[in-house]
Amino acid sequence: MSVHLMTTILASDDPIQHIVDKSIFDSPLMLSMVTLVVGAALVCWLLGRAAKAISTGPESMGNRRFLPSTKFGATIEVIVLYLRNDMLVPVMGERLTAKYLGFLLTLFFFILILNIIGLIPFVEIQDAMYYFAGKHFDIKDHQTAAIFGGAATASISVTAGLACITFVVVQTQGLKELGLKGWLEHLCGGSELVHGAWFLWAVIPIIFVVEFFGLFVKPAALAIRLFANMVAGHTLLLTVTMFGAMAMKAGLGTFAVGGITVVSGIGAIIITFLEVFVALLQAFIFMFLSAVFISLMAHEEHADHADHADDHGHAPHAEGAPAH
């Protein structure tokens, strides 16, 4: 592979050029748009297969009909049960979990698939094929010959879009659960403060301003956290991977270039395993914080839910945080 190909495709002068969203063949269509559609299709296909494997079989199978028919289905079932029983129910309660489980699991698996796609060098493979076909593109002008791939979650527009969906769901939950009056009281510190002693009213404007801006800060934090972690991880991985191309461009000897390439390759493999963990963790954090924000817009739990939580060995949590 020539130095020009390596520096063009790997963008060794600036790894950020590889991460930013790109125009496909200099058209209005961006790479992240196609990747989002492909990621959504993959989620539907994979979870559809898992649902089919998990579904109860015919009675002729005996007790085996209650077991997943594939290892993939069993894995998805374990993940879903863990997220539901150990992560969501203690925070949201049974009622809210049952209501929003589909939405939250969709968020988790969709973001996870997008994160994993970003770790596979689909773009580099397609750009290399285009280059060997005798054609040219300029990655520094945010162009690519690829029609699929890339780190969609490393684009702030994608993470902001996901955060906006969460924002709509959270506020819809608040208005439906609390009503307009209760929603406004929540922004003012809760009904206890609003209907409390008159001298406490002096702090209500301050609380309202903080809570009002908090409505937008929370989803913004979701978007920025996912975006920043994906950009940081891919930048580190790309920088390590490019050491060989940098050494070749610097005119070092074959032995030096080979040694640097081997060491950087080993380092890249290690970082890739770390990136897989980060991809899983960030998908979980986005889902979990979305669940927390939804639960904040709910009434306080009733005593029976607290008793139910204690029976399962969990500390009791409110279905929604008590009013401030």
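None of the figures in this text is laboratory data; all of them are computed from the coordinates on show. This one's a predicted model, so the numbers in the text were calculated from it and none came from an experiment. Here Cβ is always computed from backbone atoms with ideal geometry, including for glycine, and neighbour counts include all displayed protein chains.
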Legend entry - Estimated distance in nm for a label pair at Ala98 and Arg49, the labels positioned 7 Å out from Cα along Cα-to-Cβ: 3.2
Inset, instruction - In nm, give the distance between the simple-model label positions of Thr56 and Ala256, each being 7 Å from the Cα along the Cα-to-Cβ direction. - result: 7.0
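With +1 on each Lys and Arg Cβ and -1 on each Asp and Glu Cβ, how big is the dipole of segment 17-99 about its Cα centre, in debye rounded to the nearest 20? All intermediate terms of the calculation are to be shown ahead of the outcome.
On the way: 9 positive and 6 negative charges, 62 e Å.
Result for segment 17-99 is approximately 300 debye, rounded to the nearest 20.
So how much slack lies between Val168 and Ala202, counting 0.36 nm per residue of separation and subtracting their Cα-Cα distance, in nm? Numbers along the way, then the final one.
Details: separation 34, 0.36 × 34 = 12.24 nm, distance 3.04 nm.
Length gained between Val168 and Ala202: 9.2 nm.
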